[in-house]
Amino acid sequence: IAKDFIKQISTRYAFSIPLPPHYMIVNPTKKPDLPQNLRQIKDFNLTTPITSARQLVYIAKLLQPYYFFNRILDSWIEIQKNKDHTATRTPESKEKTKITIPKTLEATQKYLESIDSTQDQ
């Protein structure tokens, strides 16, 4: 479908590849687009910012049957990381947090040494 679209527009328009997403993302459903403003969603009591991955998945699954979207808006999301590179834990999260792997071997060694020294105490 995309190749046919590009073939049709190439005779009339000048453009560069890749095309901007707003040209290629089409709503194939009868669902309305996800509103930019959260207050326009009256059927659900949603609060923002979204602060955990679990909350993000829950809200996406909740809204998907009613709205068309490819992703939740970035302006709704505020998932932060702590100084020690672990994801911020929320009360509903009972899983262990995952760390971000350091980019260098030296940083990894320092991190592992800091874990060892805190466990020895």
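Looking across segment 27-52, the residues that are part of a loop (DSSP other than H, G, I, E, B) and over 13 Å from Phe69 (Cβ atoms) come down to Lys30, Asn37, Lys42, Asp43, Phe44, Asn45, Leu46, Thr47, Thr48, Pro49, Thr51, Ser52. Specify the residue that is modelled with the lowest pLDDT; the eligible residues are those in segment 1-26 that are of a type in the set (Gly, Ala, Ser) and either in a helix (DSSP H, G or I) or surrounded by 10 or more Cβ atoms within 10 Å (Cβ to Cβ) (or both). Among residues in segment 1-26 that are of a type in the set (Gly, Ala, Ser) and either in a helix (DSSP H, G or I) or surrounded by 10 or more Cβ atoms within 10 Å (Cβ to Cβ) (or both), the one modelled with the lowest pLDDT is Ala2.
The values are calculated or read from the model by the stated rules, or taken from the named source; none is laboratory data. Treat the numbers as computed from the prediction; the structure is a model and nothing was measured. When we count neighbours, we look across all protein chains shown, and the Cβ atoms used for this are built from the backbone with ideal geometry, even at glycine.
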